[in-house]
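One structure below.
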Amino acid sequence: MNKALEILKERGFFKQCTDEALLDKKLSEGPVRFYVGVDPTGPSMHIGHLVPLYAMHHLQKEGHLPIALVGGGTARIGDPSGKTEMRKMLTVEQIQANAEKLKGQIGNFIDFDGDKAILADNADWLAGLNYIEFLRDIGSQFSVNKMLTFEAYKQRLEKGLSFVEFNYQLLQSYDFLELYRRHNCTLQIGGDDQWGNIVAGMELIRRKEGSSDDVVGLTFPLVTRADGKKMGKSEKGALFLDPSMTPVYDFYQYWRNVADADVEKFLLLYTFLPAEECRELGAAQDRAINDSKERLAYEVTKIIHGEEEADKARAAAKAAFSGGAGGDKEGMPSCEMALADFEAGMNVLDLFAATELCASKSDARRLVQQNGASINGEKFTDVNGTVDASFVKEGELILKAGKKRFFRVIIK
């Protein structure tokens, strides 16, 4: 088996392939041009989007040639795959702004130096299409009956599928055709929810170019946690790569707190550590598994945010879990408050609601009533209690919600 394909299988990047023998042959014969599409429907990717980008990294490392396709055109339509309702329609200006931000995030995984990779935007060929000509040339190649057999459409038909979304498969298929023609791209990879779109693109190439013997599709499993929930979801919602949307400390803590059963799988998928080391770390037991989780959190944070930010987040986490005493707390989520605010005493609910730990006073009340609130390592159980200047230690307060969420209040 080709080394690149072996790596993908060993690390968990293999669900379905249209022709595994052909893929093996092509990867062995020489550099393969392949692509992954990312639609800029938001200003940041979250960790649920990352598996194809990690796969791109592994393929590029083995000498193959990636195309990172930002969907500046398809984002104007919205992919119905995996969605229970229609996406919110964005303006062209919003999509363009999102696309610029995503391009920077993709650079964490792909080396664009020289001719090692291509960064493309499908708005270049989709935005100016003539609708009538597109229907005649491309739409005529698709069977509505066949399209309705794909899971993405079957699920949405029950709740309503707009005609705009129904066109998405035609556009993504056209992307594959364009990249095949422009760059000799013969492999499309993506999450398993993209299987129908990938197969449709291959069929379009066959119909328009006379052959699809040299094109292949490969999908990856949709990653879930040991508790069955989708990757990318935390107590606060999606875990974004943009630090203004998910602070680096929170990003680090998500990985530090994964279930024991997920450690090996996530090390293989979300780090670049050797597979053997991932298995060794994942096999740790008892207290040693916490060291493996710390390594996981550090490695993923370093890839996304850089080594300096990963160092800060790790130091802040150690400081928090040592009760806030000593250590470097710089990376911990924080805010500033005036000492005068505490001279007369501040209600504990107001204090927690003023931080990222609680969305509202009602949220803070539940936290205190359920014995989940701590200040400087001491439980606080009185919802009517106040926090005065005597609580301030070394110019700060360390608040804790539950077992794993910390916040630093810097007193000025």
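Along Cα→Cβ, 7 Å out, is where each label goes; now give me the distance between the ones at ASP111 and GLU151 in nm to one decimal.
3.5
Net charge near ILE7: determine it from the other residues with C-beta under 10 Å of the C-beta of ILE7, scoring Lys and Arg +1 and Asp and Glu -1.
Local net charge: +1.
For the range 198-280, rounded, prolate or oblate, judged on the Cα gyration tensor with a ≥ b ≥ c (square roots of eigenvalues), a/c < 1.5 rounded, else prolate if a/b > b/c?
Here the range 198-280 falls in the prolate category.
What's the FRET efficiency of ILE132 with LYS3 using the Cβ-Cβ distance as r and R₀ = 41 Å, to the nearest 0.05?
0.30
Each residue of the range 330-342 in turn: what ³J(HN,Hα) in whole Hz from Karplus with 6.51, -1.76, 1.60 and θ = phi - 60°, glycine and Pro shown as x?
Along the range 330-342, the couplings run 4, x, 6, x, 8, 8, 10, 9, 7, 4, 4, 5, 9 Hz.
Stretched out fully, how many nm does the piece from ALA315 to GLN369 gain, at 0.36 nm a residue minus the Cα gap?
That pair, ALA315 and GLN369, stretches by 16.4 nm at full extension.
Calculate the length of the line joining the C-alpha centroid of the range 161-176 to that of the range 326-380, in whole Å.
Rounded to whole Å, the Cα centres lie 48 Å apart.
I need the peptides 366-373, 201-208 ranked by packing, meaning the mean over residues of other C-beta atoms within 10 angstrom, with the highest value on top.
Highest mean packing first, the order is 201-208, 366-373.
Classify the range 181-335 as rounded, prolate or oblate from the Cα gyration tensor: take a ≥ b ≥ c as the square roots of its eigenvalues, call it rounded if a/c is under 1.5, otherwise prolate when a/b beats b/c and oblate if not.
prolate
Step through the table entries LYS318/LYS404; LYS229/LYS379; LYS318/LYS403; LYS3/LYS25; LYS3/LYS26; LYS379/LYS400, compare each Cα-Cα distance with 19 Å, and write down the pairs that go over it.
Table pairs above 19 Å Cα-Cα are LYS229/LYS379.
Over the chain, what is the relative contact order in whole percent, taking alpha-carbon pairs under 8 Å and six or more residues apart?
14
On the first, second and third principal axes, largest extent first, how far apart are the outermost C-alpha atoms of the chain in Å?
79, 45, 39
Within 10 Å, count the other beta carbons around each residue, average over each peptide in 168-177, 260-269, and list them highest first.
168-177, 260-269
Kindly state, to the nearest 0.05, the FRET efficiency for LYS25 paired with ASP286, given R0 = 56 Å and r defined as their beta-carbon distance.
0.75
What is the spread of the Cα atoms of the range 85-127 along each of their three principal axes, largest first, in whole Å?
Cα extents, longest axis first: 37, 23, 20 Å.
Taking every pair of Cα atoms in the range 334-411, average 1/r, invert it to obtain the Kirkwood radius, and report Rg/Rh to two decimals.
Ratio value, two decimals: 0.91.
By how many nm would the segment from ALA359 to ALA344 grow when fully extended, if each residue of separation counts as 0.36 nm and the alpha-carbon distance is taken off?
That works out to 3.0 nm of additional length.
Report the antiparallel proportion of the DSSP beta bridges in the chain as a percent, rounded to a multiple of 5.
Of those bridges, close to 50 percent are antiparallel.
Suppose the chain between ILE410 and ASN384 were pulled fully straight at 0.36 nm per residue; how much longer would it get relative to their current alpha carbon spacing?
7.1 nm
Sort LEU126, LEU90 so that the residue with the fewest other Cβ atoms within 10 Å of its own Cβ comes first and the one with the most comes last.
Fewest to most other Cβ atoms nearby, the residues stand as LEU90, LEU126.
Computed from the coordinates by the stated procedures, all read-outs in this text should not be read as laboratory data. Owing to the predicted nature of the structure, the values given are computational and were not obtained by experimental measurement. Glycine also receives a Cβ, built like all others from the backbone with ideal geometry; neighbour counts cover every protein chain displayed.
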